[in-house]
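Some notes on the structure that comes next.
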Amino acid sequence: MTATSRRGLELALAGVLVLVALVTLTPAAAGVTAWADPVAELRWYATAPGDPAVALQLVGNLLLLVPAAVLAVLRWPALRSPGRLVAAAAAAGAAIELLQWQLPLGRVVSPVDAGLNAAGAVVAGLLVIGLRAALPGSRVPAGSAG
C-alpha cells in the first residue's frame, strides 16, 4: 500500500468518525441521560419485529460502525486478526456509550447498542478480510499482521 493510499484511508476514516460523532454525540431531546435496561431493550427488539421504529433502531445500530470498520481493516493490517478486530470494535462501541453517559446529551445509554455497533463492525471487518484473501494476487493472507 502506498503512502498516498494510506493517507486517503486515514482521511476517509476521520470523516466517517466525525459523522459517527455527529450522529451519536450531539444532544438529543431535553432531559437527563438515562441508562437503558438491557433485558427490556432486548425484549423490545424481540417483540416488535414488524415495527418500523424498532427496525430502524436495530439496523442503525448494526450499521453505525460498518464504514469505520471497513476503512480501518483496509488501513491497518493488524486489524485483520479476528481477535484484534473484535477488541477494537467492542472498544469503539463501548466508547460511544461511555461518552453518551458522561456528556450531558439527554441520550439513553445502552450496552445493547454498544454490542450491536460492535457486531456490525466485526461482520463488516470479517467480510473485508475474506474478500481481500479471495482476490487474485492478494499478497496478505487473512488474519496476517503483514
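You will find that of 18, 66, 32, the residue that is aliphatic (A, V, I, L, M), over 30 Å from residue 133 (Cβ atoms) and at pLDDT 95 or above is 18 and no other. Report yes if some residue within the stretch 88-99 is under 16 Å from the mean Cα position of the chain (by Cα), within 20 Å of residue 126 (Cβ to Cβ), modelled with pLDDT of 95 or more and not small (Gly, Ala, Ser); otherwise report no. Scanning the stretch 88-99 turns up no residue that is under 16 Å from the mean Cα position of the chain (by Cα), within 20 Å of residue 126 (Cβ to Cβ), modelled with pLDDT of 95 or more and not small (Gly, Ala, Ser).
Taking first residues from the stretch 4-16 that are free of Cβ contacts under 8 Å to residues at least 60 places away in the same chain and partners that are assigned to a helix (DSSP H, G or I), the Cβ contacts under 6 Å between residues at least 6 apart in sequence or on separate chains come to 12/71; 16/67; 16/68. Of all residues in the stretch 39-64, exactly one satisfies the criterion of being in contact (Cβ under 8 Å) with a residue 12 or more places away in the chain and loosely packed, with under 14 Cβ neighbours inside 10 Å, namely 42. Looking at the stretch 130-138, can you tell me whether even one residue there is touching a helix residue (DSSP H, G or I) at 6+ places or on another chain (Cβ under 8 Å), farther than 30 Å from residue 3 by Cβ and touching a residue at least 40 places away in the same chain (Cβ under 8 Å)? No, the conditions are met nowhere in the stretch 130-138.
The values are calculated or read from the model by the stated rules, or taken from the named source; none is laboratory data. On a predicted model such as this, the values are computed, not experimentally measured, just so you know. Don't worry about glycine lacking a Cβ; one is built from the backbone with ideal geometry, like all the others, and counts go over all protein chains shown.
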